[in-house]
Amino acid sequence: MDFKVEILKYPSEEDWMLCKTCTLNTVGKKSTKLPTDEWKHKLLMSEHSPIRTLNFCIRLTIPYYVSVHFCRHFTGITHFVQSQRNDRQDKYDRTKAPQDAIVSHIMFVNAQELMFMSRRRLCTQADVFTRAVMAEICRQVIALCPEYIGTFEPMCYYRGGRCTEFECCGFNKTYRGGDGDGQYIIPLRG
């Protein structure tokens, strides 16, 4: 099944400067110097609250049922999903629309929620197609913003190899721990 991911907005230097200002304010400091890539990465890995000032806007062209999976996330994210109403489109009858009917879905999401979302949607218990879409989102974000390397991972990796799913798939046993390079294999099953 085909899908498309397009990053419409990602954190700019100005956004990062605001994030740094908010971060330093919590310890009573100020700075006018742009944050370094190392500082950005450390802040993302720490998940301190100022990362919620860093926003992405991502357009997805995906099956309706995958859109529903992403809509389950509601904290730090707003969804704009193409209507299937019969008075808004004429491609199919909404009352008979298959779950794989393609919709346009835009997410406006902050960095912390995007990382949280990756933990759920990269898990092998997630739908295989939803997992592929999430993996592509992660790949594109890292290509634009390398400071995010190592911040997107399935929950069992985030928890150091501990799986808390009702039915463990065993992927947690592949965790080697602590390197933080984000170079794990995202398993896809059919």
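The values are calculated or read from the model by the stated rules, or taken from the named source; none is laboratory data. Keep in mind it's a predicted model, so treat the numbers as computed, not measured. Note that we place each Cβ from the backbone using ideal geometry, even for glycine, and neighbour counts take in every protein chain shown.
Each residue in the stretch 147-156 was checked for being over 13 Å from Arg121 (Cβ atoms) and either at pLDDT 95 or above or in contact with a Leu (Cβ under 9 Å, 6 or more places away or on another chain) (or both), and 4 pass.
Name every residue in the stretch 120-160 that is under 14 Å from Val109 (Cβ atoms) and among the aromatic types (Phe, Trp, Tyr), in order of residue number. Correct list: Tyr148, Phe152. When Gln99 is tested against (1) under 27 Å from Lys173 (Cα atoms); (2) of a type outside the set (A, V, I, L, M); (3) in contact with a Pro (Cβ under 9 Å, 6 or more places away or on another chain), exactly one condition is not met: (1). The residues of the stretch 21-44 that are touching a residue at least 24 places away in the same chain (Cβ under 8 Å) and either crowded, with 16+ Cβ neighbours inside 10 Å or small (Gly, Ala, Ser) (or both), listed by number, are Thr23, Lys40, His41, Leu43, Leu44.
Residues are listed down the side, and each one gets a yes or a no for (1) at pLDDT 95 or above; (2) surrounded by 19 or more Cβ atoms within 10 Å (Cβ to Cβ); (3) out of contact with any strand residue (DSSP E or B) (no Cβ under 8 Å at 6 or more places or on another chain):
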residue: Thr61; (1), (2), (3): yes, no, no
residue: Thr75; (1), (2), (3): yes, no, yes
residue: Asn86; (1), (2), (3): no, no, yes
residue: Gln89; (1), (2), (3): no, no, yes
residue: Gln99; (1), (2), (3): no, no, no
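For every residue, the table says whether it meets (1) out of contact with any strand residue (DSSP E or B) (no Cβ under 7 Å at 6 or more places or on another chain); (2) under 16 Å from Ile102 (Cβ atoms).
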position	(1), (2)
Thr26	yes, no
Thr32	yes, no
Leu44	yes, no
Val68	yes, yes
Thr78	no, no
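Got a number for residues in the stretch 118-158 being surrounded by fewer than 19 Cβ atoms within 10 Å (Cβ to Cβ), closer than 18 Å to Leu54 by Cα and of a type outside the set (Lys, Arg)? Of the residues in that region, 7 qualify. Considering the conditions (1) within 13 Å of the chain's Cα centre (by Cα); (2) outside any helix (DSSP H, G or I); (3) hydrophobic (A, V, I, L, M, F, W, C), Phe70 is excluded by exactly one of them, (2). Scanning the stretch 130-174 for residues that are polar (S, T, N, Q), touching a residue at least 40 places away in the same chain (Cβ under 8 Å) and assigned to a loop (DSSP other than H, G, I, E, B) turns up just one, Thr151.
Within this structure, Cys57 passes the test of being outside any loop (DSSP other than H, G, I, E, B), surrounded by 12 or more Cβ atoms within 10 Å (Cβ to Cβ) and either of a type outside the set (S, T, N, Q) or in contact with a helix residue (DSSP H, G or I) (Cβ under 7 Å, 6 or more places away or on another chain) (or both). Restricting attention to the stretch 1-58, report how many residues are farther than 18 Å from Cys138 by Cβ and among the β-branched types (Val, Ile, Thr). Within the stretch 1-58, residues that are farther than 18 Å from Cys138 by Cβ and among the β-branched types (Val, Ile, Thr) number 7.
Considered as a group, the residues in the stretch 169-190 that are among the hydrophobic types (A, V, I, L, M, F, W, C) and either in contact with a Cys (Cβ under 8 Å, 6 or more places away or on another chain) or within 27 Å of Lys42 (Cβ to Cβ) (or both) include one that is modelled with the highest pLDDT, and that residue is Cys169.
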